[in-house]
Each structure stands twice: as C-alpha cells, then as structure tokens.
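In what follows, a structure is listed as structure tokens, so that the remarks can point back to it.
No value in this document is a laboratory result; all are computed from the given coordinates. Keep in mind that this is a model prediction, so the values were computed, not measured. Here the Cβ positions follow ideal geometry from the backbone for every residue, glycine too, while neighbour counts run over all protein chains shown.
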Amino acid sequence: MTNSQYKALINKYAILIFIGYALTYLISIAIQHVLPKFALGDSELIQILSSSAWIIQLIVNIIAAVLVSKDLKTMEIKNSLIVVMTVLFSLIGVTMFLLTVNKEIKHA
C-alpha cells in the first residue's frame, strides 16, 4: 500500500465517522429545540425520536465495520476484534484499524 492509498483510506473513514456524528448531533439539536414546540403533550414521540439518533449512529457503526472488515480481508490482516470495536465504537475501531494498517505498511 502506498502513501497516497493510505491517505485515501484515512479520508474515507474520516468522512464516514464525521457523517455519523454530525447526523446524531443534528437530530439531538432538532429534538431539543424544534419538537418541544410542536409536541407539548406527546412525550412518546420525543422518546422515539431521541432513540433514533442512537439508531442512526449504530447504522453508521455497522457500515464502518463492514468497510473495515472488507479492507482487512483485502490486506490479509486477521483481527476480528477491530471489527467488533468498530460496531460498538466507530472512532476507536477505525483508529485501531488505521494503526494496524500503518504497522503492516512499515513491516512490509
């Protein structure tokens, strides 16, 4: 893997993680500022929408885990812990993945 390919890999995951956190942030802001004005008596709607921010973050984490798994197979690195960490915490999992790829590049 060349240096430019590694930078492209970093960019791909940085954009994906940024989108996940931005969507979660925007949904939580919308819930706090916009919904209380429209749904004063409907607390169930607010609870459902507040859990939707976590669901969107989980979906982004799963997408990141699938991409990490695919890239690990492409680079012939066997480490399922990175994929599990990416599902649970995308930022930590992707960071572990990039550190592992960097280590493999330096040893090759």
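Based on DSSP H runs of at least 4 residues, each adding -39500 (n - 2.57), what is the mean residue ellipticity at 222 nm of the chain after dividing by all its residues, to the nearest 500 deg cm²/dmol? Let's see the in-between values first.
Working: 5 runs with 94 residues, N = 108.
The helix contribution divided over the chain gives -29500 deg cm²/dmol.
Only helices reaching 20 angstrom along their own axis (Cα) with mean Kyte-Doolittle hydropathy no lower than 0.0 count here, and for the DSSP H runs of the chain these are 3-33, 43-74, 90-107. Return the label of the correct value of Cα Rg over 2.2 N^0.38 Å, as calculated from the structure shown, out of [x] 1.00; [y] 1.96; [z] 1.36. The listed entry that was calculated here is [z].
What percent does the relative contact order of the range 3-107 come to when contacts are Cα pairs within less than 8 Å and at least six residues apart? Don't skip to the answer; put the middle values down first.
On the way: 72 pairs, mean separation 26.0, N = 105.
Reported relative contact order: 25 percent.
Arranged from fewest to most other beta-carbon atoms within 10 Å of their beta carbon, THR86, THR24 become THR24, THR86.
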